[in-house]
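Engineer: What follows is a single structure, and I will ask about it in a moment.
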Amino acid sequence: MSRLDAVVLLLFVWCSTAAARDEPVSVSLTLKDAFKEAFVMGTALPDGGLSAAEWELLTTQFAAVTPENGMKPAALQPEEGRFRWQEADAMVAESVRRGLRVNGHVLIWHEQCPDWFFRRGEADAPRDLVLKRLRDHVAAVAGRYAGQMQSWDVVNEALADGEGFLRDSLWSRSLGEDYVIEAFRAARLADPAAELCYNDYNIESPPKRDKATRLLRLLKEHEALPDAIGIQGHWLLGQVPFDDIETAILAFHAEGVKVMITELDIDVVPRNTQGADISARSDNSTNPFPGSLPPEMEERLARDYARLFTLFAKHRDKISRVTLWGLHDGRSWLNHWPSARTNHALLWDRQLQPKKALNAILQSAEIPE
Ligand code: G3I
């Protein structure tokens, strides 16, 4: 046995024993290193920059970023032909400079999308004009960052939550299924090297999973199959649908795409809405944990996260990236949706201190053979 093998063996034994005792695995083990043989670990990058301490945390723990808002259509092209590149350029350049992979988010989405795409004067724009605008937007945005992006969320949340196949939106009303097909075609042309992803929430639930499978088949038929499908992963404490998630990973992989977990968080504040439909706001002012999370809840959060990462590691041959939707609790969109409250959905607290959930995940990082 070489010296290196001996060190690795010792470390393995130490880690296994530590895990069994529920102790920190290693102060120096980071999230991105723990899973580096399995998948890339990413996080959301908010607008307006990060503090030095936040950047330090981000680059130590994560290998990829997804700009949270700054590359959405409303941010980049608020008026037809008037692009605002400055902030997105800065975010991409800074991330690349720091050695991070960048996932662009998002080329086509019904939210944060200006009305001008669908209007001509006072009237609805004709189909050909909407199609041209879609192609032009995708070509301009994906083209500008070609060579710098690891991947793109090309279309977000096209599937209906209730009845029907596609969500009723200005995109689907104007172009029907073609809007999804054309967005993927245009993105492939503009940036042939980027991995292209279809991204949606609740697609692990059986009815929406079937629609997502149907969408993948439709795209394949039109030679526009994405490289990956993104299960967003906005779940609720104690209600994470582990079995559905596993079934969905297997089902999507069988369609010939990689699976990404693109916006992971676990909401600890009770709410009535599943998923992440941002129009589903409530004025429920319940804010049960305005300070820190009680220890018993921290434990429950740790258990849910550990079980999720054990599942992800089991399917590491199918999963290429896992991205948390926020660097720490203070940066979570769940502090504002579906109403304003103090949330604790992520792995670091507001003081950038690691939570029990992080340790639990690291302990689950022993990749099965
Ligand atoms: O920038 C304005 C600011 O000028 C204004 O003062 C403030 C007042 O409300 O609003 C700010 O904009 C907010 C923006 O986030 C930037 O912070 C919007 O109101 C708010 O609606 C927006 O929310 C984002 C949401 O998408 C809608 O774009 C969340 O941060 C972001 O986490 C969330 O992310 C989505 C993914 O893109 C798609 N999947 C679901 C996920 C969660 O909703």
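Engineer: Give me the percent of Cα-Cα pairs in the stretch 48-104 that sit more than 19 Å apart, rounded to a whole number.
Structural biologist: Working: 490 of 1596 pairs.
Value for the stretch 48-104: 31 percent of Cα pairs lie more than 19 Å apart.
Engineer: So how far apart, in nm, are the two label points at residue 93 and residue 253 if each is 7 Å from Cα heading toward Cβ?
Structural biologist: Rounded to a tenth, the inter-label distance reads 4.1 nm.
Engineer: Taking the chain as a Gaussian network, where each spring joins two C-alpha atoms under 10 Å apart, which residue of 136, 153, 200 fluctuates the most?
Structural biologist: Ranking 136, 153, 200 by mean-square fluctuation puts 136 first.
Engineer: Would you work out what percent of the accessible area of the chain, with all protein chains in place, is carbon or sulfur (probe 1.4 Å)?
Structural biologist: 51 percent
Engineer: OK, next. Per residue, how much accessible area does the stretch 183-282 have with a 1.4 Å probe, in Å²?
Structural biologist: Values: 3730 Å² over 100 residues.
In whole numbers, the stretch 183-282 has 37 Å² accessible per residue.
Engineer: Moving on to the next point. Give me the three principal axis extents of the stretch 228-302 from the C-alpha atoms, as integers in angstrom, largest value leading.
Structural biologist: Principal extents (Cα only, largest first): 45, 31, 16 Å.
Engineer: Checking the cross-link filter: which lysines have an alpha carbon closer than 23 Å to that of residue 208, excluding same-chain neighbours under 8 positions apart?
Structural biologist: 220, 258, 318
Engineer: Continuing with this model, one more query. Give me the percent relative contact order of the chain, please, defined on Cα pairs under 8 angstrom at least 6 residues apart.
Structural biologist: Values: 633 pairs, mean separation 61.4, N = 369.
Once normalised by length, the contact order is 17 percent.
Engineer: OK, next. Below 9 angstrom from the Cβ of residue 152, what's the summed charge of the other residues (Lys, Arg +1; Asp, Glu -1)? The partial results should precede the final answer.
Structural biologist: Values: positive: none; negative: 153, 191, 195.
Net local charge, residue 152 excluded: -3.
Engineer: Pull out the extension gain between residue 222 and residue 292, defined as 0.36 nm times the separation in residues minus the alpha carbon to alpha carbon distance; nm, one decimal. Could you put the intermediate results ahead of the total?
Structural biologist: Details: separation 70, 0.36 × 70 = 25.20 nm, distance 5.03 nm.
Length gained between residue 222 and residue 292: 20.2 nm.
Engineer: Using just the alpha carbons, could you tell me how many Å³ per residue the convex hull of the chain encloses?
Structural biologist: Working: hull volume 55.0 nm³, N = 369.
Convex hull of Cα atoms, per residue: 149 Å³.
Engineer: Out of all Cα-Cα pairs in the stretch 270-368, roughly what percent, to the nearest whole number, are more than 22 Å apart? Write out the running numbers ahead of the final one.
Structural biologist: Numbers: 1766 of 4851 pairs.
So the portion of pairs separated by more than 22 Å is 36 percent.
The values are calculated or read from the model by the stated rules, or taken from the named source; none is laboratory data. Not measured: the values here are computed from a predicted model. Methodologically, a virtual Cβ is constructed for each residue, glycine included, from the backbone with ideal geometry; neighbour enumeration extends over all protein chains shown. For accessibility, only protein heavy atoms count, side chains too; no ligands or nucleic acids. Shrake-Rupley method; radii C 1.70, N 1.55, O 1.52, S 1.80 Å.
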